[in-house]
1. Given H placed on each backbone N at 1.01 Å, which residues far from VAL135 in sequence or on other chains put an amide H within less than 5 Å of it?
2. Quick one: Karplus J couplings for the stretch 149-157, per residue in order, coefficients 6.51, -1.76, 1.60, θ = phi - 60°, nearest Hz, x for Gly and Pro?
3. Exposure proxy check: MET112, MET238 ranked by fewest other beta carbons within 10 Å?
4. Need the full-extension length gain, ASP84 to TRP191, defined as separation in residues times 0.36 nm minus the C-alpha distance. One decimal, nm.
5. For LYS172, give me every one of the lysines with a C-alpha distance below 16 angstrom, ignoring sequence neighbours fewer than eight places off in its own chain.
6. Classify the stretch 6-166 as rounded, prolate or oblate from the Cα gyration tensor: take a ≥ b ≥ c as the square roots of its eigenvalues, call it rounded if a/c is under 1.5, otherwise prolate when a/b beats b/c and oblate if not.
7. Report, by chain and number, residues whose modeled amide H sits under 5 Å from the one on ASP117, excluding near sequence neighbours (fewer than 5 apart, same chain).
8. Mind checking which of SER118, SER233, SER203 has the largest fluctuation in a GNM of the chain, springs on alpha carbons under 10 Å?
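Throughout, read-outs are computed from the coordinates displayed, never taken from laboratory work. Treat the numbers as computed from the prediction; the structure is a model and nothing was measured. Positions of Cβ are generated from backbone atoms using ideal geometry, with glycine treated the same way; all protein chains shown enter the neighbour counts.
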Amino acid sequence: MAIPKKVINLLGQTSVVKRAISFPCDECDLSLLELETPLDLSGEYAKAIKYASADVFTEGYVQKDMECYATGWGQLGPNGGLPDHLQGALLKFGEVQLSDELIGVEETEGRMVCRGDSGGPLVVFNKDKSERILVGAVSGGEGTPCTDYGFWGNVANAAIWIQEQTGIEPYKEDITLGIADLASEKTVNIWPVPARDVINVSSKRAIKEIKIYNLSGKKVLQSNQTSSIAITSLPTGMYLLQDAESLDSSLFAIKR
C-alpha cells in the first residue's frame, strides 16, 4: 500500500505525514498515519469518527444485507475518468465474520468502489443515527472492476492494535444496565455453579435468545443456543444471564 507524503482535509488544511505504521495483516491494507501537525476535525464536513470494535458485530451493525457507506476519489466506472469532488455510495454487506481480515461488500444497484479508491473509508451509523463508525478501508475487489464485489480491511479485527498504537478507544455500544433491577427475581435456572466452560439453562418459559452481561452492565455474549452455552471466551467473575424476550434473569459465577 502506497503511503502519502501529506494529507488534506475537506477544509483544505494540509499536514505532512511524519510516519506510517502498518497493521500486521496479509491482505487488509490497514495503516495509521502520524502527522507533523494536527488537522481541524471538529466541523461537520471534516469530522473525526470513531473506529469499530467487536461491538459492531455483536450489535448487528455489520451483517449480510445491512447498509454501509463508502467514499473515495476513484474512477467513475471501469472506463471513467477521475472525479473533481469526493464521491459516495450506499452499499450492502456480503457474508462477513469478526475474525476475517477483510469485509466483503456487494455491488448495489450498479454502485461499487473503483480504481483509485484504495484506503477509502467504509462507515455505518449507530442505532439512533447519531454517530458514524469506521468499519473498513478499501483493499481490493473481484469480478468485473468497479461493478461486482469489493473488499475492505476489517477495522474491528485491528481494534486492539489501533488502541495500543494511539491510546484512542474504539466505538463501543453504550449499554449500561442496572444489575440489581435485572436480577430482582430468579426465574432462570443455571448449572453448574460455579461454571467453567459450559453453562446449562432452564426456564418455565421457552427461551429463544440469551444475553450475558458482566456486573458493569456490559453485554459480553449473545446466543441462540439456549439450553447449553459455551462460555470459554469469558474470564473468571460474576455474570448476569438474561432471556432476551421476557427479560427473566439470573446471576452466575465463572471460576477457572
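1. When sequence neighbours closer than 5 places are left aside, the close amide H contacts are LEU122, VAL123, VAL124.
2. Values per residue, Gly and Pro as x: 8, x, 10, 10, x, 7, 5, 4, 5 Hz.
3. Working: MET112 25, MET238 12.
Starting with the residue having the fewest Cβ neighbours, the order is MET238, MET112.
4. Working: separation 107, 0.36 × 107 = 38.52 nm, distance 6.31 nm.
Result: 32.2 nm gained on full extension.
5. LYS50, LYS127, LYS129, LYS218, LYS219
6. Working: a/c = 1.41, a/b = 1.11, b/c = 1.28.
Rounded is the answer for the stretch 6-166, as its axis ratio a/c remains below 1.5.
7. Excluding prolines and chain starts, which carry no amide H, the hits are GLY74, GLN75.
8. Most flexible of the set in this elastic network: SER233.
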